[in-house]
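Contents: one structure, followed by commentary.
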Amino acid sequence: VGAFVDQGRRFVLASPTAMPQASTFLWNRKMLLQLNCRGYATAQFMQPEPAKYAHAPTLEARTFMQPEQPYYAHHPGRFVYVRDEDSGSLFSAPHAPVNRVPDEFAFSVGAGDVAWTVHCHGIELEMRVRLAAEDVAELWSVRVRNVSGRRRRISVYPYFPVGYMSWMNQAGRYSPELGGIVCSSVTPYQKVADWFRQRDFKDLTVLLHERAPDAWEANQSAFEGEGGLHAPDSVVRRETLACGDALYETPTTALQYRLVLEADQEEELRFLFGPAHDEAEVRELRGRHLSAEGFAAAEAATARYLGEGAGCVRIESPDAWLDHFTNRWLPRQVYYHGDSNRLTTDPQTRNFLQDHMGMAYLRPSTARASFLHALSQQAADGAMPDGILLVDGAELKYINQVPHTDHCVWLPVCLQAYLDETGDDAILDEVVAGSDGHSATVAERVDRAMHWLLAQRDERGLSYIAQGDWCDPMNMVGWKGRGVSGWLSLATAHALRLWADISARRGRPDAAFREGADAFNEAVNQHLWDGDWYGRGITDDGVVFGVRADSEGRIYLNPQSWAMLSGAADEARRSKLLHAVDDQLVSPYGAAMLDPPYTGMREDVGRLTQKFPGSAENGAVYNHAAAFYLHALYRAGESDRAWQVLRAMLPGPDPQDCLQRGQLPVFVPNYYRGAWRLHPRTAGRSSQLFNTGTAAWLYRCLVEDLFGLRGEGQALRIAPQLPSHWNSARASRRFRGAQVELEVERVAGVQAMRVHVDGELLADGLLQPVESGRSYRVRVELPLAGYSAA
Ligand code: CEZ
């Protein structure tokens with residue numbers, strides 16, 4: 001169905017119907033464009049809140065990005081109709097709206113551009129889009145080639161719908177001066193104050209052309225007529241578009257080019273699609289971008305931008321898809337999160353911190369600045385807010401208006417990764433002026449956050465959950481103020497231990513944190529160990545859940561993972577819980593977040609239980625949670641179990657697996673459907689949602705654990721954990737200005753891991769000091785698989 005080409009730089013899908021939802025995304029710091037293989041598109045830009053310039057045909061709700069978004073005939077998209085003027089035959093590219101079966105099809109996904117090549121009726125059409133590097137503008141090229149071997153007369157119609165722009169004012173017209181169709185609107189509002197916020201909005205949507213068209217249509221219903229999008233009247237029944245306008249009617253942008261192509265002749269057309277504030281801005285956009293040189297400049301600038309977010313490791317393993325994904329695509333996704341902050345003005349605090357944990361491996365200065373920024377919004381009592389405000393006037397929205405209790409946990413967890421990667425302990429002494437007017441160092445602020453967590457305990461010593469912890473929709477376990485979270489208690493213990501270690505290294509007091517961690521672990525062992533695994537929490541009414549007595553939601557993944565990390569689980573418990581996870585949660589598509597999924601509302605757990613069984617938090621393979629498990633497995637040395645969980649996050653190369661998931665190996669989605677016993681037909685299906693904390697964690701696990709190159713104090717710890725079926729692997733790793741060339745091999749007769757650096761045996765596996773500018777040749781020998789030292 002699909003394959004990597006050009007050494008993994010692109011992935012090409014060869015069918016528009018095999019994986020109909022398969023998608024990718026492009027972004028710059030101001031905008032995001034999500035594209036699926038059939039031509040449907042969702043674009044957003046920041047002004048400063050996310051806004052659209054191509055809308056659905058009806059009034060849309062404002063929301064955050066959703067998983068498994070449905071596509072439908074009138075969904076926004078970017079399409080080109082092609083009609084043969086002699087035979088009348090019609091097709092459209094990429095595939096929708098005509099959905100004619102093509103003779104050949106390629107959806108070719110690159111890091112900075114996306115292209116489709118479609119062969120139909122002896123015409124080859126290539127559509128390609130890249131974004132302006134700094135502006136909100138899509139730059140489209142359309143190349144048409146006559147491959148039929150005879151002279152052809154065809155009409156080519158770019159059709160980029162703009163949908164229902166506004167109930168106050170919307171219109172569309174062709175402008176010969178501006179060179180394109182200009183759709184105008186007024187973003188609806190009712191409050192006076194909004195006028196002053198909105199008067200600078202980009203309320204125009206334009207489709208600008210380089211070459212003047214033969215005709216156009218700016219009126220959606222005139223374009224469609226009675227034929228609908230499948231066979232629009234204005235395309236099928238008329239020789240030329242009617243050159244109409246839209247006057248408080250749904251506007252659209254459609255152009256017509258009548259081309260006569262000799263055999264093998266081709267033509268290339270260029271367009272710019274995007275929003276603008278006024279005509280002056282439209283002229284500027286055209287001047288800057290709408291030419292072969294403008295497009296080339298945008299591509300070069302985008303390549304430079306993407307280059308700044310290149311990852312810190314290049315791997316060579318027996319698994320080519322994993323290599324391409326690790327070397328190019330996963331760091332790209334991590335970079336997207338960390339550099340655009342998911343295009344929100346108030347990222348959830350835990351997301352913001354974890355996204356910048358990922359940036360530590362790409363561009364540590366950004367991670368550093370972000371940690372300081374987050375801490376500047378800490379409350380006086382040590383609590384972290386639910387979201388971090390990024391621009392003046394931003395507000396906490398959506399889920400950030402619901403009190404969650406876990407945000408402080410992420411400070412030590414993410415800082416530890418940053419410190420390991422950079423050795424930048426000096427950040428701990430950085431003074432952060434708070435929005436509350438107080439100044440304190442980073443270390444003092446994290447102390448306060450830890451004391452806040454220590455204080456938020458009930459009489460059993462477990463953490464209150466309020467209306468949610470890491471799990472957003474677990475909103476009714478503790479809304480009355482008594483319910484507690486087993487996961488949060490364990491995560492707090494882990495965070496306290498990490499912080500105690502960092503504090504000790506810096507000669508700061510650590511005893512309170514260590515004692516606190518032990519107390520949390522003990523309390524969880526006393527109240528939540530269920531014999532074979534840990535329960536998830538205790539409700540307001542004192543009911544333990546996530547335990548064997550439950551017929552739904554019997555076992556949750558998160559408490560098991562974090563009990564391994566926090567040290568709550570001793571060896572006996574660890575072995576039991578691992579088996580429980582193997583038996584109940586692990587599926588061919590990864591480790592599910594809970595099982596069995598809930599099939600109806602449980603009022604003492606909350607709206608999580610109302611989600612469709614096997615979707616999202618209700619028992620999907622929720623990759624963010626699976627990534628915590630992965631991290632815990634590696635830290636426990638469970639390398640084969642870890643491999644299974646890790647590889648299941650990535651589709652293919654088995655075609656059947658690709659088809660079932662519908663996911664391209666160019667980003668890790670936030671979930672794959674679970675419920676594989678209850679709903680096997682849909683199990684494995686991707687959410688297609690690329691916003692996920694998984695990216696940062698997965699990258700961390702690949703670098704630090706699978707390839708075993710992790711910072712520790714001033715040293716680099718070398719301890720690869722290859723799955724037992726790999727006999728060798730290589731990695732090239734940038735670390736604190738040095739270059740580490742790693743080669744790992746299984747060698748007969750070797751009894752325990754042996755590390756050589758530049759030919760010298762390194763007894764403890766710790767390389768130190770690591771000198772910036774130097775290159776190190778590291779050879780690791782591992783015992784043959786199946787070998788046991790005992
Ligand atoms: O969003 C994520 C959050 O961004 O859900 C995770 C949470 O840890 C992340 O911070 C687990 O709950 O409100 C909901 O029900 C949604 O499920 C969102 O919380 C969820 C969606 O995946 C975002 O599309």
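In plain terms, the C-alpha convex hull of the range 668-786 casts an average shadow of 10.0 nm² when viewed from every direction. The residues of the range 721-790 present an accessible area of 54 Å² per residue when probed at 1.4 Å with all protein chains retained. The Cβ shell under 9 Å around residue 182 holds other residues with a net charge of 0, Lys and Arg each +1, Asp and Glu each -1. Near residue 314: Cβ cut-off under 12 Å, other residues only, Lys/Arg at +1 and Asp/Glu at -1. The net charge is +1.
Within the range 1-107, the proportion of Cα pairs with more than 16 Å between them is 65 percent.
You can think of it this way: the chain between residue 654 and residue 425 has 78.0 nm of extra reach, that is 0.36 nm per residue less the Cα-Cα gap.
Span-like helix check, the chain: qualifying full DSSP H segments, with Cα axial length of 24 Å or more and mean Kyte-Doolittle of -1.0 or more, are 486-505, 511-528. For residue 52, a cut-off of 30 angstrom between C-alpha atoms picks up these lysines, skipping any fewer than 8 places away in its own chain: 30, 191, 202, 397, 611. The distance between label points at residue 103 and residue 304 comes to 4.3 nm (points 7 Å beyond Cα on the Cα→Cβ vector).
Over the range 279-330, accessible surface divided per residue gives 44 Å², non-protein components excluded, 1.4 Å probe.
Considered as an equivalent ellipsoid built on the Cα gyration tensor, the range 630-731 has semi-axes of 28, 15, 13 Å, the largest given first. Within the range 522-649, the ratio Rg/Rh, alpha carbon atoms throughout and Rh by Kirkwood, equals 0.95. On the principal axes of its alpha-carbon atoms, the chain has extents of 81, 66, 51 Å, going from largest to smallest. Within a Cβ distance under 12 Å of residue 691, other residues only, what is the Lys/Arg minus Asp/Glu net charge? Counting the neighbours of residue 691, the net charge comes to 0.
Among beta bridges identified by DSSP and lying wholly in the chain, the antiparallel ones come to about 95 percent. The modelled label-to-label distance for the pair residue 267/residue 549, using points 7 Å beyond Cα in the direction of Cβ, is 7.5 nm. Here the mean projected area of the convex hull built on the C-alpha positions of the range 1-60 is 5.5 nm².
Taken along its principal axes, the alpha carbon cloud of the range 185-232 reaches lengths of 44, 30, 13 Å, longest axis first. Each eigenvalue of the Cα gyration tensor of the range 597-678, multiplied by 5 and square-rooted, gives one semi-axis; in descending order these are 25, 18, 10 Å.
For the range 342-489, the spherically averaged projection of the C-alpha convex hull amounts to 8.9 nm².
Of the residues 634, 517, 116, the one whose Cα sits farthest towards the positive end of the charge dipole of the chain is 116 (charges of +1 on Lys and Arg Cβ, -1 on Asp and Glu Cβ, taken about the Cα centre). Using R0 = 25 Å, the C-beta based FRET efficiency linking residue 72 and residue 194 works out to 0.25. Expressed as a whole percent, the accessible area of the chain that falls on carbon and sulfur atoms is 49 (1.4 Å probe). The length gained by stretching the chain between residue 764 and residue 7 to full extension, at 0.36 nm per residue less their Cα-Cα distance, is 268.9 nm. The range 156-217 gives an Rg/Rh value of 1.07, both radii derived from C-alpha positions and Rh following Kirkwood. For residue 277 and residue 647, the difference between the fully extended length at 0.36 nm per residue and the C-alpha to C-alpha distance is 128.6 nm.
Solvent-accessible surface of the range 576-696, taken per residue with a 1.4 Å probe and all protein chains present: 30 Å². All C-alpha to C-alpha distances of the range 649-689, sorted into 10 Å bins beginning at zero, yield P(r) values of 35, 55, 10 percent in whole numbers.
The values are calculated or read from the model by the stated rules, or taken from the named source; none is laboratory data. Note that the coordinates shown come from a computational prediction; the quantities given were computed from them, not determined experimentally. Cβ: placed from backbone, ideal geometry, glycine included. Neighbour counts: every protein chain shown. Remember, those area values only see protein heavy atoms, side chains included, never the ligands or the DNA or RNA. Shrake-Rupley method; radii C 1.70, N 1.55, O 1.52, S 1.80 Å.
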